Structure formats: C-alpha cells, structure tokens
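Values in this text are rule-based calculations from the coordinates and carry no lab data. All figures in this text were calculated on a predicted structure; none of them were measured in a lab. Don't worry about glycine lacking a Cβ; one is built from the backbone with ideal geometry, like all the others, and counts go over all protein chains shown.
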Amino acid sequence: MSNKPVVVVGAGAAGIMAAWRAATLGAPVILLEKTNRLGTKILISGGGKCNITHDGPLEDVLRAFRPNEARFIRPACYRFPNHVIVDMLTSRGLEVYTRPDGRIFPTHGTAKDVVAILRSYLREAGVDIRLECPVTGFERAGTEISQVLTEQGPVEAGAVVLCTGGSSYPNSGTTGDGWPWARSLGHRIVTTMAALAPIHLREMREDWAGIALRDCVLRGRQSKAFTQWRGDLLFTHRGISGPCCLGISREVSEHISQAPVALEVDVVPDLSFEELTERFLAYAKENPRRQVATWLEPFGPERFLEGMLKELEIPANTPMAQTPTKVRNRLLNGLKGFPLGAVREVILPKGEVVAGGVSLDEVNPQTMQSQFVSNLFLCGEILDIAGPVGGYNLQAAFATGFVAGESAFELVRS
Ligand SMILES: Cc1cc2nc3c(=O)[nH]c(=O)nc-3n(C[C@H](O)[C@H](O)[C@H](O)COP(=O)(O)OP(=O)(O)OC[C@H]3O[C@@H](n4cnc5c(N)ncnc54)[C@H](O)[C@@H]3O)c2cc1C
C-alpha cells in the first residue's frame, strides 16, 4: 500500500461515510472540513431532527429519483442499502421510528445524536479530522491530483474524495466550492438550480403568511400544467413553502428559465367540479338562506377562504339560494384551481438541495471515480442528483460516499 493518504474534502454525509469506509479498510485518511463542525448540514436536516433515510424496498426508494439519477445511484444503494445507516446508528444506541410515509427519524434524539455517532465511527477508524481547514484547490501531476491545497498548507494525497456538497444554506459551509474545481479538472457541470425550495410570488399576500392548507394539490403551469404535488402548503410573507411547494420547486426552476410560471392550488383534490356542484346545490336546497362563506367553512382555514372570496369578487354573505350559476361556477373553479399568480423566484439558498452539479456521465457509478482524473472520486450532492423530501438525499450521499471511500482505498492500496 502507498503511504499516501486518502484525502476527503468536505465532512458532510458523503464525506463522513467515505472517510470512515476508507479508514476501516485500512487506508490512512485525512478529512478536511471548512467549518468548525462535522456534518453541518446533517445538523440542520429534517428541522434538526434528521430524516436519516427512507424505509422500504430499494427499488421503491430509487423510483423516487429521476430515472438517470436512479440508474447512477443504484449500484451504490445496493452496496449501502437504506437499512445499513439505520443499523450503524441503532447499534450505537440511537432509537429510530418510521413514519407512515416511510421517512425514518430518531425517536427521541436529534440530528446532533446522529452526528455524534458518526463522529465516534470516524474516531474509532482513526480518521485524521481537520476542522476549520478550507480547501482552496488542487495541485496536479499528470492525470492525478498530487496535493490538496488548503488555507493551512498543502496536503499530499494518494486519492482524493471530493464531496463539498451543493450551494444552498451557504452559512452551513456549502458555497459550491467543488464545482469550479471539478470543471477545471475536465468535468461538465450541469446548470445548478434550486430544488426542494420555497417560492416567492410576484403577488405578495402578506396577510396570508402563516396559513397552512392541508392535503391540497399545487400545480405549476405555463400554457398547460407541467407539474403538481399533493400535500400541505404553507403561505409565507413572500410566497409559499411547505411540502407541496418543495415538491414542485425543481420543475418550476427548470421551466421558469424559458417562460413565466403561474401557480394554482386545488383545495379539494378528492372532489370533482361536478361533485362540488352537486354538494353546493344540495346544501343550497336545504339551507337557502345560509351564506356562501358558511358552506365553504370545511374547505380550509377561514383567513384563506375569506381572501379567496375577495379575490374572486364574491361577497361572503351571498345567500346560497341566490348565488347565480356564473358566480357558483367561479367559486367552484376557484376551489379546484385558485390562481396564486406568477412565480417571482425559486429561492436557491433556502433549498434543501441543489439540482444540477457534476454530470453523472463522467463519473463511474460502480466506483465514483472521475473519468478524467484517475485518483479523484466524487460523491454526494456535488453530483447532479436531487431526490425529493423524505430521507432520499442523505441516503444518496451516504451510499455514494461509502462507495467512493471503498474505491479510494482500493486505489491507494494498489
Ligand atoms: C435545511 C435542510 C434540511 C434537510 N433535511 C434533510 C433530511 O431530513 N433528509 C435528507 O435526506 N436530506 C435532507 N437535506 C439534504 C441533505 O442534507 C443533503 O443532500 C446532504 O447533506 C448532502 O450531503 P453531502 O455530504 O453531499 O454535502 P454536505 O452535507 O452539504 O457536506 C458538504 C461539506 O463540505 C464542506 N465544504 C464545502 N466547501 C469546502 C471547502 N472548500 N473545504 C472544505 N470543506 C468544504 C461543507 O462545509 C460541508 O460540511 C436537507 C438539507 C437542508 C439544507
């Protein structure tokens, strides 16, 4: 074995796993991290609770990703399936539970406990962890990287695992540093854009801030609807957030570069327009003097419904029996697709992940090895991978990190 170390750049989920795997196999490993903490993004994941991974058969987990991404991470996920990270954590005392939707969280603990356990693995494996050690670039010798340059001086490297993550939540240390380096080493960087992110709307309805719509369908439209997501939706001071919004944000980011995108929300996804009409007419027959606002009550929070009626120009006190067909249709169409207006921006820095990154075509999915630099391995969010909310992104980072660490070990061993 060469005595040159595996140098891992970035101590996020991917970097921690890569460093641990290479070190347990016997390689000397140096883990370089810009911030003063390990797993800065794990610490803020799942609102501080950490949605560790997603439960269920691997093929179901893979289906949550876009087909090209699923194809790429499939070998890594079979080498490091979702139950392995759970086993690693639970064998050291963390209790976990699985939500009905398959998301796995610590039961009592938090993301801090997850990171503490991962730290214990690294220490035991003898990884040389260097915090507050920002990497600034690489020194090349032929087709290899010979040194990793840091603010604390150069570090000689037998193999390099590059896993500096994306560029959202820049305060957590992820400022997209790895992409220009990967580009200068020959890699194509697929345009990066926001995913799993809040959306700002052109028309701000500040009085709706804090309103949550439960189990609605949010749609993004240009000439026709191109994306939709069912779940909860939260109104913010400048637009929207919550699961529905995060769910469509990547598609909206992609479409908005071509033409304006409008959003609409269906607050009664289980009822068709015809069923709503029947319900309206039946209620009007039995309660002719009741107000339209009263009939609407079960369909959402009062503040939202009040605002909706106002925007649809329907007086809240219109008696049910005196609602003209045209007005009734306007109201029911509003329930089935209330226009929220045009998207101003999808907020990349507030996204849980960034879509785009190092092109998957130029990285070997079996090893995570770069096609251009023989001792470079790439893993985690630096790659062009962005799964949905649900523990998928940490799973992808852990699995690709595990494989990168193993491959880096194989290289320095030979
Ligand atoms: C608010 C939020 C909540 C999330 N919740 C979840 C969740 O519950 N479940 C889930 O699956 N996913 C979640 N994600 C996504 C998930 O955290 C990421 O996809 C995952 O952490 C990516 O892992 P990574 O190792 O590739 O990158 P990161 O975890 O981002 O790690 C990259 C590391 O590289 C370091 N670094 C960057 N530049 C340099 C440099 N120049 N020198 C040295 N070090 C450097 C960074 O400081 C960072 O520590 C969430 C993300 C956010 C922002």
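A compact table of results
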| item | result |
| --- | --- |
| Residue order, fewest to most beta carbons within 10 Å, for Arg21, Arg328 | Arg328, Arg21 |
| Separation of alpha-carbon centers, segment 7-61 and segment 303-369, rounded to whole Å | 34 Å |
| Distance between modelled label sites at Arg37 and Glu311, nm, 7 Å Cα→Cβ extension | 3.7 nm |
| Of Ala14, Ala197, Ala316, the one that fluctuates the most in a GNM where the chain has Cα springs shorter than 10 Å | Ala316 |
| Residue order, fewest to most surrounding Cβ atoms within 10 angstrom, among Thr294, Thr192 | Thr294, Thr192 |
| Spread of Cα-to-Cα distances over 5 Å intervals beginning at zero, given as percent, for segment 171-313 | 2, 8, 14, 17, 16, 13, 10, 7, 4, 3, 2, 2, 1, 1, 0 |
| Most mobile of Leu335, Leu348, Leu305 in a GNM of the chain (Cα contacts under 10 Å) | Leu305 |
| Karplus 3J(HN,Hα) series, Hz, for segment 137-147 with 6.51 cos²θ - 1.76 cosθ + 1.60 (x for Gly, Pro) | x, 9, 10, 9, 9, x, 8, 10, 8, 9, 9 |
| Distance in nm between pseudo-label sites at Thr294 and Gln258 (7 Å out along the Cβ direction from Cα) | 4.9 nm |
| Proximal lysines to Lys49, defined as alpha-carbon separation beneath 19 angstrom and excluding residues fewer than eight positions away on the same chain | Lys41, Lys112, Lys350 |
| Relative contact order of the chain, pairs being alpha-carbon contacts under 8 Å that are 6 or more residues apart, as % | 26 percent |
| Kyte-Doolittle mean at least 0.0 and Cα axial length at least 24 Å: DSSP H helices in the chain | 392-413 |
| Estimated distance in nm for a label pair at Asp60 and Thr136, the labels positioned 7 Å out from Cα along Cα-to-Cβ | 5.0 nm |
| Net length gained if the chain between Ser272 and Glu203 were fully extended (0.36 nm per residue, minus Cα distance) | 22.1 nm |
| Estimated 222 nm signal from helices in the chain, with DSSP H stretches of n ≥ 4 weighted -39500 (n - 2.57), rounded to 500 | -10500 deg cm²/dmol |
| Which of Ser257, Ser223, Ser374 has the fewest Cβ neighbours within 10 Å, and the rest in rising order | Ser223, Ser257, Ser374 |
| Mean-position separation - Cα centroids, segment 190-237 and segment 159-185, in angstrom | 28 Å |
| Kirkwood Rh in Å, taken over all unlike Cα pairs in segment 273-338 | 11.6 Å |
| For segment 91-204: Kirkwood Rh in Å [reciprocal of mean 1/r, alpha carbons] | 18.0 Å |
| Extension gain from Lys326 to Arg303, taking 0.36 nm per residue of separation minus the Cα-Cα distance | 5.9 nm |
| Long-range Cα-Cα pairs in the chain (distance over 39 Å), rounded percent | 29 percent |
| Taking segment 273-338 and dividing mean pair separation by its residue count, relative contact order in percent (alpha carbons under 8 Å, at least six apart) | 40 percent |
| Among Leu122, Leu312, Leu360, residue whose mean-square fluctuation peaks in a GNM of the chain (springs only between Cα atoms under 10 Å) | Leu312 |
